[in-house]
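Following: one structure in structure tokens, then a few remarks.
The values are calculated or read from the model by the stated rules, or taken from the named source; none is laboratory data. Being a predicted model, the structure only gives us computed values, none of them experimental. Cβ: placed from backbone, ideal geometry, glycine included. Neighbour counts: every protein chain shown. The area values use the complete protein model at the heavy-atom level, side chains included, leaving out ligands, DNA and RNA. Shrake-Rupley method; radii C 1.70, N 1.55, O 1.52, S 1.80 Å.
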Amino acid sequence: LAEFSVVDPPSGITKLPDGRLLVCSTSCNSVTILSSQGDSEGKLKPGCLGSKEFYSPTDVLVRRNGQVVVCDRNGLHLFDNDKFVKMICKEYLDECYGLAEDEDGRIITIHRNTTRKPSPDAASTKPFYTYIFFILIIDDAEDRVEKCIEMEEIKGAAVAEMVDVCGESGRRFESLLRSVTYNMGSLYITDLGLDCIFVVTDNTANMFGKRG
């Protein structure tokens, strides 16, 4: 349908009611509009802080009301008829990954909170980062977070942090949540760090399948 260059790989995709496609490119900070035949029809333009580009967008969602939401490292961008409307909960959100919508029209996303701490190795000058992941359920009409689920608290041994343990090039990932899907009251969340899928229902998380 459409080809992308090596430096512009597609990462998230969705279909508009009129048959056009929206395709995220994380590395090129863009969301491309494609015709149903795969021809480029331009790009969505973010409205965050006057930026002309998104900041590493990872997913795009078409809601049942026809509005479009794009998530990137600045937060959640809301569009209507290809026009930017607002940043959703802009005072609270920045780095978001994955998008879904529940039966009540609420937006679901993964939010990553980054905390910088002194390195546990006294001889190291490198910063030590802890990443904590939250699942947020958002009422964008009221511009508020209705529910916040801290994944570290509900998934047991899956500790949400990344630690530099192998010098400049090597890192050990404990948890790296990247996408979310909603189906019949359950959330399905992919974890690229632990190579598994979590099923979250009623504030409890279980690995999907025998091996996750």
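Within segment 16-46, the set of residues being open to solvent by 40 Å² or more (accessible area, probe 1.4 Å) and under 13 Å from D82 (Cβ atoms) comprises P17, D18, R20, E41, K43, K45.
In segment 56-81, what residues are outside any strand (DSSP E or B), surrounded by fewer than 23 Cβ atoms within 10 Å (Cβ to Cβ) and of a type outside the set (S, T, Y)? Within segment 56-81, R63, R64, N65, G66, Q67, R73, N74, N81 qualify.
Can you pull out every residue in segment 82-100 that is acidic (D, E) and crowded, with 18+ Cβ neighbours inside 10 Å? Hit for segment 82-100 is E95, nothing else. Take the conditions (1) over 16 Å from G98 (Cα atoms); (2) modelled with pLDDT of 90 or more; T14 misses just one of them, which is (1).
Let's see how each residue does on (1) out of contact with any Phe, Trp or Tyr (no Cβ under 9 Å at 6 or more places or on another chain); (2) open to solvent by 20 Å² or more (accessible area, probe 1.4 Å); (3) at pLDDT 80 or above:
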position: A158; (1), (2), (3): no, no, no
position: E161; (1), (2), (3): no, yes, no
position: C166; (1), (2), (3): yes, yes, no
position: S179; (1), (2), (3): no, yes, yes
position: G185; (1), (2), (3): yes, yes, yes
position: D191; (1), (2), (3): no, no, yes
position: D195; (1), (2), (3): yes, yes, no
position: V199; (1), (2), (3): no, yes, yes
position: G209; (1), (2), (3): yes, yes, no
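Residues being modelled with pLDDT of 90 or more and under 15 Å from the mean Cα position of the chain (by Cα) are entirely absent from segment 112-121.
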